Amino acid sequence: MVTEVVTETLVLPTRGGELFHVIDPRVFDRRLLDELCDLATRVRALAKSDTGARALQNLLTTRRAMLYFTQPSTRTFLSFSNACHVLGIRTSEIRDPSTSSEMKGESFEDSIRTFSSYVDVIVMRTKESGRAAQAARLMDGIPRPVPVINAGSGSDQHPTQALLDIYTLARSFAERGGIDGKVIGMMGDLKRGRTVRSLCYLMKNYSGVRLVFIAPQHFAMQSDVKSHLEQHGVRFTETQSLPEVLPELDALYVTRMQTEWDTAEESRGVDLTPFSIGVRELALLKRDAIIMHPLPRGPEIDPVVDQDPRAMYWRQERNGMWTRVAVLLKIFGAETRIPELEAQL
């Protein structure tokens, strides 16, 4: 049976005041973002000691997670897998669609309902847009609903990546007044980059932020995101000239060309040289600015940039695990135990 593909829609993240589904970044407010960032910092501090790490591993030992990743993934899968291990959550996984009963004709809905019989949370990454929202709506209609976390849904949304990006920005600017008032550049394939799309949706929570979109014309940011920014009073400009805007940026978020979404090899015709960063571009960037990238990277960032203290993408990657630990703690209501663990150290 073929299930109709649906577009991503808003799914409320809470049930009874607790975080439940994590589907769409548009529903996160500043209070919750600040809470998650603070929780991630406190948990990583606990984990630095053997005593704290063991205490964290005992928090959710009775919980089980399904990692349903039918789209290839390295970082996001490992990040969620290790976040579960930090908290003692046992995991099951499906990473190859051919091992699922959907290959026998089982509907997507029946597969998700089956998973929910065995686990307490479903983390899913799919090539098709809207699947996570579809699964969440299904869960909301059954007697034993389990939370669904969107770990990447088509080219539309990647909410937990946006959360870790916010955490990275907040930590990087902690001594400079936080994210408020910063100028953030986003460069590369903005049309199909779900990481930058999701991050844009969270910018409404910060005052005085200005976004600069730097992209080839054919891969410019789409109108739905720009309309959302306009609706919420978030300023943005668009350009194809990186050197012009680099000196004013507090952060540059670089993305690769999203070739997996090509329908006619359209990426091949793009000259990425003007949308890359190397030694010459570093000379134009503020000394206290940061460079981010969701990874994996291509030629858009010269490896020589890795040695520059402004390169934040490897820290950004590790921040992802701690952000997802915070999300899992909130979903299961275990964040209330953190002060108790801190008091024991």
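Here are a few things to note about the model shown:
- In the chain, Cα pairs under 8 Å separated by at least six residues give a relative contact order of 20 percent.
- Between helix 75-86 and the chain: long-axis angle, C-alpha atoms, 0 to 90°, nearest 10: 50
- When DSSP beta bridges are restricted to pairs lying wholly in the chain, around 10% turn out antiparallel.
- Accessible area of the chain divided out per residue, in Å², using a probe of 1.4 angstrom: 43
- Note on the range 174-242: with charges restricted to the Cβ of Lys and Arg (+1) and Asp and Glu (-1), its dipole about the Cα centre is near 80 debye.
- Formal net charge of residues neighbouring G320 (Cβ-Cβ distance under 11 Å; K, R +1; D, E -1): +2
- Global form of the range 190-298, assessed from the alpha-carbon gyration tensor, a/c cut-off 1.5: oblate
- Theoretical gain in end-to-end length, Q57 to E109 [0.36 nm per residue, Cα-Cα removed]: 15.5 nm
- Note on the range 104-238: with charges restricted to the Cβ of Lys and Arg (+1) and Asp and Glu (-1), its dipole about the Cα centre is near 200 debye.
- Note on the range 166-221 and the range 112-163: Cα centroid distance 25 Å, given to the nearest whole angstrom.
- Simple spin-label estimate for H228 and R280 gives 3.5 nm between the two label positions (7 Å along the Cα-to-Cβ direction from each Cα).
- Global form of the chain, assessed from the alpha-carbon gyration tensor, a/c cut-off 1.5: oblate
- For the range 62-218, the relative contact order is 18 percent, taking Cα pairs closer than 8 Å that sit 6 or more residues apart in sequence and dividing their mean separation by the residue count.
- Theoretical FRET efficiency, 1/(1+(r/R0)^6), r = Cβ-Cβ of R75 and D306, R0 25 Å, to 0.05: 0.95
- Length gained when the stretch R30-D50 is fully extended (0.36 nm per residue, less Cα-Cα span): 3.9 nm
- Working from Cα pairs under 8 Å separated by at least six residues, relative contact order for the range 134-238 is 24 percent.
- Within the accessible area of the chain (1.4 Å probe), percent carbon and sulfur: 49
The values are calculated or read from the model by the stated rules, or taken from the named source; none is laboratory data. This is a predicted model, so every value here is computed, not measured. Quick reminder, even Gly has a Cβ in these numbers, built from the backbone with ideal geometry, and neighbours come from all protein chains shown. Each accessible area value is taken on the protein alone, full model and side chains, heavy atoms only, with ligands, DNA and RNA left out. Shrake-Rupley method; radii C 1.70, N 1.55, O 1.52, S 1.80 Å.
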